1. Roughly how many percent of the accessible protein surface of the chain is carbon and sulfur, given a 1.4 Å probe and a whole-percent answer?
2. How much accessible area per residue does the chain have, counting only protein heavy atoms and a probe of 1.4 Å, in square angstrom?
3. Out of residues 5 or more away from Asn20 or on other chains, whose amide H comes under 5 Å of its own, with H placed 1.01 Å from N in the peptide plane?
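The values are calculated or read from the model by the stated rules, or taken from the named source; none is laboratory data. Note that the structure is a prediction, hence the values are computed from the model and not measured. To get the accessible areas, we keep the full protein, side chains included, count just its heavy atoms, and leave off ligands, DNA and RNA. Shrake-Rupley method; radii C 1.70, N 1.55, O 1.52, S 1.80 Å.
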Amino acid sequence: MVWGVLREQLSSEPLPLTWNAVPFHPIGSSVDSNRPVRQREVKVGAQWLERLLGLFPRSKPIAIGRTASIAMTSIGVQHAPIRHPSHGGFRDFQSGIEAHSGATRVLRH
């Protein structure tokens, strides 16, 4: 879903770098389920995010979803928040990406 919108909206640009706010997606009671991320996991992920963002000082970060936005805020990074496409947010996500075409990196959770 995410990559389809990125390819469509950014077809004349190189695809952006994406990075999950929590690099290792938490699983629930089985490998086919997931659970909400814990605050501690966002904090650990933010440390890696800060290092990654340091490699691209002139880019314009976009946070896809609340978790990504919280992670960026926690390390003092100004960013454009966009609705995550899951749970009925696809159209808002799609219009958010369209509004921010030209961004040089996208972070998603």
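1. Working: 3820 of 7140 Å².
Summing carbon and sulfur atoms, their accessible area is 54 percent of the total for the chain.
2. Values: 7140 Å² over 109 residues.
On a per-residue basis, the chain sits at 65 Å².
3. It is Arg108, by chain and number.
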